[in-house]
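Notes follow the structure.
Derivation of every value follows stated rules applied to the coordinates shown; laboratory data play no part. Note that the structure is a prediction, hence the values are computed from the model and not measured. Note that each Cβ is placed from the backbone with ideal geometry, even for glycine, and that neighbours are counted across all protein chains shown.
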Amino acid sequence: MVDIGSGPCFLGYTARTVCEIEAIGIDLPEQPGDIAWRVARALGQTIIAHRIEPYQPIPNLGRRFNVATIIAPQFYRKADGRFWTAVEWGDLFGQIFSRYLVPGGELVLRINANKRGNGSDMYDHADVVKAVERVPGSRRDDWFFSMPRPA
C-alpha cells in the first residue's frame, strides 16, 4: 500500500506488522527537529519526501499497489490560503489511479471532520465530496470514502 500524507507512517507500520502488507509513506520533506520522520525511521518504514500540491506530478514509485490511502490530509490548503477545488482533488485522484493502483485497486480517503470553535467545518468538504462522487463506484461511510480504480 501507499499512504499519501503519511506523517510518521503509523498506518504503514500497522499494515506491515499486523497484515504483512508492504507499505510506503509519502510526506513532506524532513525539516530540522521533525518528529514524524524520526518516528517513521524508528518504525522501520519507508517514507518518500514529496509535497502534494494541485496539478503537480506525484512521485513515480516504480510499482503499483492494491491500496492507496489518504487519511486526514493536511495538504488541502494552497500557499495562498485557498482550499483545493473539486477539480484539483480530481486531478490528484486521477494521478493516484494511473500511477499507483493496480487494476481493481482502491483509494481510501478519510477527510478531517474536526470542527472549529464556531462549529463550522475545518475546511470546505463540499469540493472533495464532489470529486469523490465523480469517481464511478465510489462509496461513502460518514467521512470515509472508497474509490475503485476506474477501468
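From the residues Ile47, Trp84, Ala68, which one has its Cα farthest along the dipole of region 1-118 in the positive direction, the dipole being from +1 and -1 charges on Cβ of Lys/Arg and Asp/Glu about the Cα centre?
Trp84
Normalising by the residue count of the chain, find the relative contact order in percent from Cα pairs under 8 Å and 6+ residues apart.
After rounding, I find 20 percent.
Listing Phe93, Phe83 from the residue with the fewest other Cβ atoms within 10 Å to the one with the most, what is the order?
Going from sparsest to densest Cβ surroundings: Phe83, Phe93.
With viscosity set to 0.692 mPa s and temperature to 37 °C, compute the Stokes-Einstein D of region 31-101, Rh being the Kirkwood radius across alpha carbon pairs; µm²/s, no decimals.
Using the Kirkwood radius from Cα pairs, D works out to 234 µm²/s.
Nearest 20 debye, what's the magnitude of the dipole of region 52-151 about its Cα centre given +1 on Lys and Arg Cβ and -1 on Asp and Glu Cβ?
Magnitude of the dipole: close to 200 debye.
When P(r) over Cα pairs in 5 Å bins from 0, in percent is calculated directly from the model, which label among (1) 2, 8, 11, 12, 11, 9, 8, 7, 6, 5, 4, 4, 3, 2, 2, 1, 1, 1, 1, 0, 0; (2) 2, 9, 16, 16, 13, 12, 11, 9, 7, 4, 1; (3) 2, 9, 18, 23, 21, 16, 9, 3, 0 fits?
(3)
Can you compute 3J(HN,Hα) from phi for each residue in region 82-95, using the Karplus curve 6.51 cos²θ - 1.76 cosθ + 1.60 with θ = phi - 60°, rounded to whole Hz and x for Gly and Pro?
Each residue's phi maps through the Karplus curve to give 6, 7, 4, 8, 4, 5, 5, 4, x, 4, 4, 4, x, 5 Hz.
Going by how many other beta carbons lie within 10 Å of each one, how would you line up Leu61, Leu109, fewest first?
Taking fewest neighbouring Cβ atoms as first place, the list is Leu61, Leu109.
Defining a contact as two alpha carbons under 8 Å apart and six or more residues distant in sequence, what relative contact order in percent does region 1-47 show?
Computed value for region 1-47: 43 percent relative contact order.
Would you mind ranking Cys19, Cys9 so that the residue whose beta carbon has the fewest other beta carbons within 10 Å leads the list?
Fewest-to-most ranking of Cys19, Cys9: Cys19, Cys9.
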